[in-house]
Amino acid sequence: MFPFFSICMNPIDRLDPLLILPVPAFQTNYLWLLCRNQHAVVVDPGDAQPIEAALQKHALDLSAIVLTHHHQDHIGGVADLIRNRTGLPVYGPRNEVIAHVTHPLGQGDRIKLQEIDLELNVIDVPGHTLGHIAYFGYADGQPVLFCGDTLFSGGCGRLLGGTAKQLLSSLTKIAALPDATRVYCAHEYTLSNLEFALTVDPDNSHLQSRMADVLALRKAGQATVPSTLTIEKQTNPFLRADYPNLQASAERIKPGSGQNVLDTFTTLRSMKDNF
């Protein structure tokens, strides 16, 4: 795991490497601030105030806004952030209605965030919402993914517009990215996600070890994200619906649902909804 408050609260050194800073908001949100030198790009700014505070603290100029989907806790700060920044580009999903988006995007598009020297590829990942997108790229050689509410650390998003089949397809698409990819999701849900995971995958030693690590991080007041795809593939039940132990757990809850990956995934998602 990677530290949270130690990165977020310390002043930024004026160095060339890209820094990815988590800015907490509301109860569980992370608003990601991507910084290089004096420039910054924000991902999913649900609230403008903590972003403005971080920009001021670190003497950063906001050069772009990047959005994954239309839920208010991801876009609520956009209007305030652009108010006094004429011409600020706002990137977002083309298949969702979001005010102030200047660059609508979909599968196969690529954005060049020139001020921070970062290119991101757009991936359609419907399921949580019908038009949800994610952004994948290489931050100074490190593969990174900004996936909003599609993939969580230890879990995945609820179905709030899309279908289980779409979400499974989206997660399969994400799982095909490099294993070293750091997963920057938008919420601190890891502890509750792993508590659920242990009920359906109790003999998973990787999961048991991860739970111990997460408990220690939360006790210390640190975040549990970013994760990596390696960790998620070992411990996240929603990336493991093709494993016999997860299929057996689904079968016990809903007979017949352990016969194929989609039915197992759908049952697991329903179980998590009621956990």
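Loop-resident trypsin sites (Lys or Arg not before Pro) (DSSP state other than H, G, I, E or B) in the stretch 34-131 with no more than 15 further Cβ atoms inside 10 Å of their Cβ: Arg83, Arg85. When the chymotrypsin sites (Phe, Trp or Tyr not before Pro) in the stretch 20-91 are filtered for DSSP coil states and for at most 15 other beta-carbon atoms within 10 Å of their beta-carbon, the remaining sites are Phe26.
In this simple spin-label approximation, Thr199 and Lys165 carry label points 7 Å from Cα along the Cα→Cβ vector, and these lie 2.8 nm apart. Place a point 7 Å from the Cα of Thr230 along the Cα-to-Cβ direction; which residues of the stretch 168-205 have their backbone N under 20 Å from it? Residues passing the 20 Å test: 174-185, 204-205. Net charge in the neighbourhood of Pro226 (other residues with Cβ under 13 Å of its Cβ; Lys, Arg +1, Asp, Glu -1) is -1. Whole-Hz Karplus values for the stretch 113-128 come out as 8, 4, 5, 10, 6, 9, 9, 10, 8, 8, 10, 6, 9, x, x, 4 Hz, taken residue by residue from phi with 6.51 cos²θ - 1.76 cosθ + 1.60 and θ = phi - 60°; glycine and proline positions read x. Between Val261 and Gln208, the modelled labels are 2.8 nm apart [label points 7 Å from Cα along Cα→Cβ]. Summing Cβ point charges (Lys, Arg +1; Asp, Glu -1) relative to the Cα centre of the chain gives a dipole of roughly 240 debye. If R0 is 35 Å, the Cβ-Cβ spacing of Tyr243 and Glu119 corresponds to a FRET efficiency of close to 0.55. In order along the stretch 141-157, the Karplus-derived 3J(HN,Hα) couplings, from 6.51 cos²θ - 1.76 cosθ + 1.60 at θ = phi - 60°, round to x, 8, x, 9, 9, 10, 10, x, 10, 7, 10, 9, 5, x, x, 8, x Hz, and Gly and Pro are given as x. In the chain, taking the dipole from charged Cβ atoms about the Cα centre, the farthest positive-side position among Val125, Gly221, Thr267 is held by Thr267. Label-to-label distance for Ala180 and Asp140 is 1.4 nm, based on points extended 7 Å past Cα in the beta-carbon direction. Only DSSP H runs of four or more residues enter the estimate; each adds -39500 (n - 2.57), and after division by the residues of the chain the mean residue ellipticity at 222 nm equals -9500 deg cm²/dmol.
Every read-out reported here was derived from the displayed coordinates using simple, explicitly stated rules and does not represent laboratory data. Bear in mind that the values here come from a model prediction, so they are computed numbers and not experimental data. A quick note on method: Cβ atoms are made from the backbone with ideal geometry, for glycine too, and the neighbour counts reach across all protein chains shown.
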